[in-house]
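The values are calculated or read from the model by the stated rules, or taken from the named source; none is laboratory data. As the structure is a computational prediction, the values presented were derived from the model and not from experiment. Cβ sites come from the backbone with ideal geometry, for glycine too, and all protein chains shown count toward neighbours.
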Amino acid sequence: MPAAPVAPTATLRSRPDGVAPETSRAPGQAPRKPPLRERMRARSAQDRIESWRPRWFWAALAIPGAFWLIVFFVLPFYVVISVAAGILDPIFQSPVPVWNPFLWSASNFANLLREVSFLWPPFLRTIAYTAIASALSLAIAYPVAYFVTRYAGKRKTLYLVLLISPFWVSYMMRMLAWIDLLQVSGYVNKTLEWLHLMSAKNPESWLGGHPATVIFGLIYGYIPYLIIVLYAGLDRIDGRLLEASRDLGLGRWRTFWRVTVPLSRQTVLAGMFITVLPMVGDYFTNQLLSATRSTTMIGNVIEGQLDVANLQGDGAAASVVLLVLLLLPMIYYVRSTTKASRENL
Amino acid sequence: MATVAVPPNKASSRRKGPWRHPWGLEAFTWIYLIWSIVPIGIAVLFSFNRGKSQSAFQGLSLRWYTGTSQAFGSVMHDPILHSAVVQTLKLGFFVTLITIPLGVGFAIGIDRWRGRTSNGLNLVMIFSFVVPELLLAVALMFVFLQLLKFVHLGTDAETAALIVWNISWPAIIVRARLVTIGKVYEEAAADLGASRFSAMWRVLLPLLIPAIFASAVLTFASVVDDFVLVEQLSGPGSQTMSVLIYSQAHGGNNGPALNALATLMLVFSLVVAGLGYVAYRFMTRGERGSTTEALTSIAGI
């Protein structure tokens with residue numbers, strides 16, 4: 001981004017100024033260039049004009065978007081809590097929301113506790129799969145992003161195009177590609193047979209409920225986002241700091257560990273949020289690459305409950321619980337990004 | 001420098017050169033790139049398969065794109081596949097058309113209207129960016145079923161949901177651009193006698209055009225790619241390409257027509273990305289910057 005030119009008057013504007021005369025220009029008369037002092041005064045008059053212009057002007061610009069966010073983002077979460085804390089219609093067995101917070105019932109949440117033996121394994125699986133997938137993603141993404149920021153040289157554009165390209169391929173297509181490859185008669189098994197790592201008589205059914213396939217799919221699905229975040233963060237590290245470290249005698253590895261890694265901690269954390277949050281709510285990767293009970297994650301449970309009318313209340317309760325669990329990392333992420341943007345201001 | 005004694009065992013590493021190229025890292029990067037791109041290439045190749053298999057290539061043909069066989073639908077002639085393409089493009093177009101003005105106005109307004117309310121609204125916007133999509137989809141589904149019953153599941157609900165899900169693209173990107181532009185140009189315009197409205201319309205907005213454009217490209221691509229919201233809120237006949245691929249892909253026995261559909265999606269995205277890149281370079285041609293800068297803007301970095 002090009003740096004905004006700095007106004008020479010920027011530091012003076014905040015100084016409280018005396019009564020500044022309005023500069024009026026006679027029509028037809030060529031404006032004489034006033035001395036600097038007078039121009040300063042004119043500027044501060046301009047500031048005063050800005051301050052009495054209607055304040056609602058900017059608010060009015062933001063209102064349509066704000067309205068949309070409130071009606072379709074804030075309100076829905078109130079509704080889902082009302083459904084989760086609501087009751088079941090005794091005849092139709094469909095959920096009835098309770099709008100008044102003082103009348104909220106815990107029956108749906110109690111249902112969740114009753115079903116804990118059914119919910120616990122998917123919950124643990126979600127944590128395990130997400131943790132493994134995001135750790136492996138980081139292990140792959142960090143070296144790649146590091147190489148492209150530091151060593152790509154003249155070919156940086158080429159690398160960047162290649163790194164960004166999966167971003168433009170739809171998620172479903174990338175999963176479809178692996179469904180093609182991982183079929184029993186697909187190229188993965190053919191390659192393994194050719195390498196004599198697997199016998200042709202006993203082919204592996206990769207799509208038949210392997211946790212490894214699901215984790216692999218999660219990594220493949222979300223790693224492009226992580227790499228882009230890491231690239232942007234690593235690119236912001238001042239190269240002169242690394243040169244200084246090398247000049248002061250640190251080797252390549254120690255420079256990496258003691259300069260690059262500490263400076264990229266925030267970036268790594270942001271990247272982890274960007275991958276972990278969608279992985280926790282993911283149900284389609286799992287459904288596409290496995291679709292068996294033995295690999296269900298919490299997203300699959302919620303999605304399944306929504307399809308059955310009398311389980312919708314439970315689904316709402318489960319998603320409220322998940323939201324509360326994810327609230328802490330989300331708040332952390334939001335705080336760190338708003339802090340970063342305030343530092344940029 | 002000469003006074004620093006170099007231990008003899010360091011000599012070998014010095015001979016290699018402290019700035020030598022990390023070949024291992026480059027190889028690793030290429031392995032990653034091949035792993036991330038080649039499968040997609042193979043999937044595209046299967047869409048041109050002469051046979052019905054998605055796992056073995058049997059020669060080239062266009063039958064999955066334009067074939068008229070009744071038994072095996074092609075994208076052009078199978079009504080379901082065809083309507084999915086139309087629905088995807090329709091949603092992409094209308095959602096982008098509504099999201100961009102809403103998001104740009106939001107960004108400018110929030111940036112200038114400093115106060116508690118605007119800070120709160122900004123937080124809400126950032127939350128909408130990070131919340132898992134499934135949770136938003138569940139919440140919206142209950143809103144449309146229980147409260148705002150006049151919004152029917154289907155295209156209406158999908159549009160409303162996709163707008164709120166994507167409004168953070170223009171809001172975040174335009175706001176970042178506003179910060180780099182600063183207020184000087186607007187103040188210069190005001191000094192020269194422009195009203196606040198015309199300073200915004202004739203000075204600020206033209207400066208924001210590249211950012212607005214980049215966010216429009218991202219919004220369109222993200223709507224075309226969207227799956228969770230569309231699937232949870234779809235009604236009869238409002239399936240998009242993503243949802244169709246999802247509902248038919250498991251098991252991989254639906255023939256390469258799905259690959260053809262996915263390839264078309266890829267082509268849409270690439271065309272939009274390519275046009276976006278060229279247009280972005282054109283719009284920012286007077287500025288200091290490079291190819292990489294245009295690329296990263298279009299990818300929302």
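Quick notes on this one:
- Residue within the stretch B:247-257 that is within 19 Å of the chain's Cα centre (by Cα), touching a residue at least 24 places away in the same chain (Cβ under 8 Å) and facing chain A (nearest Cβ under 10 Å) present: no
- Some residue of the stretch B:150-160 being aromatic (Phe, Trp, Tyr) and part of a helix (DSSP H, G or I): no
- Per-region count, the stretch A:212-237, residues part of a helix (DSSP H, G or I) and either more than 27 Å from the chain's Cα centre (by Cα) or surrounded by fewer than 16 Cβ atoms within 10 Å (Cβ to Cβ) (or both): 1
- The condition of being at the interface with chain A (Cβ under 9 Å from one of its Cβ atoms) and touching a residue at least 60 places away in the same chain (Cβ under 8 Å) holds for B:Val179.
- Pair list, Cβ < 9 Å and 6+ apart or interchain, from the stretch A:155-172 residues that are β-branched (Val, Ile, Thr) to residues that are crowded, with 20+ Cβ neighbours inside 10 Å and not in a helix (DSSP H, G or I): A:Ile164/B:Ala299
- Residue count for the stretch A:157-208, restricted to those that are more than 9 Å from every other protein chain (Cβ to nearest Cβ), modelled with pLDDT of 80 or more and touching a helix residue (DSSP H, G or I) at 6+ places or on another chain (Cβ under 6 Å): 1.
- Criterion violated by A:Ile331 - all others in (1) within 11 Å of chain B (Cβ to nearest Cβ); (2) buried (at least 16 other Cβ atoms within 10 Å of the Cβ) satisfied: (2)
- Note on the stretch B:211-237: among residues that are assigned to a loop (DSSP other than H, G, I, E, B) and surrounded by fewer than 22 Cβ atoms within 10 Å (Cβ to Cβ), the one that is nearest to the chain's Cα centre (by Cα) is B:Phe227.
- Listed by first and then second residue, the pairs with beta-carbon distance under 7 Å, at least 6 apart or on different chains, first residue in the stretch A:60-84 and more than 7 Å from chain B (Cβ to nearest Cβ), second outside any helix (DSSP H, G or I), are A:Ser82/A:Pro97; A:Ser82/A:Val98; A:Ser82/A:Trp99.
- Residues that are β-branched (Val, Ile, Thr) and within 7 Å of chain A (Cβ to nearest Cβ) within the stretch B:132-152 comprise B:Val138, B:Val143, listed in sequence order.
- Meets criteria (within 10 Å of chain A (Cβ to nearest Cβ) and under 27 Å from B:Asn119 (Cα atoms)) for B:Phe197: yes
- Candidates A:Leu306, A:Leu263, A:Leu242, A:Leu289 - the one that is in contact with a Ser or Thr (Cβ under 7 Å, 6 or more places away or on another chain) and farther than 23 Å from A:Trp206 by Cβ: A:Leu242
- Single condition B:Leu97 does not satisfy, out of (1) facing chain A (nearest Cβ under 10 Å); (2) more than 16 Å from A:Leu69 (Cβ to Cβ): (1)
- Residue ID - nearest to A:Ser336 (Cα to Cα), chosen from residues in the stretch B:118-131 that are at the interface with another protein chain (Cβ under 8 Å from one of its Cβ atoms) and polar (S, T, N, Q): B:Asn122
- Comparison of B:Ile163, B:Ile173 shows that the only residue that is under 30 Å from B:Leu207 (Cβ atoms), more than 8 Å from chain A (Cβ to nearest Cβ) and of a type in the set (A, V, I, L, M) is B:Ile173.
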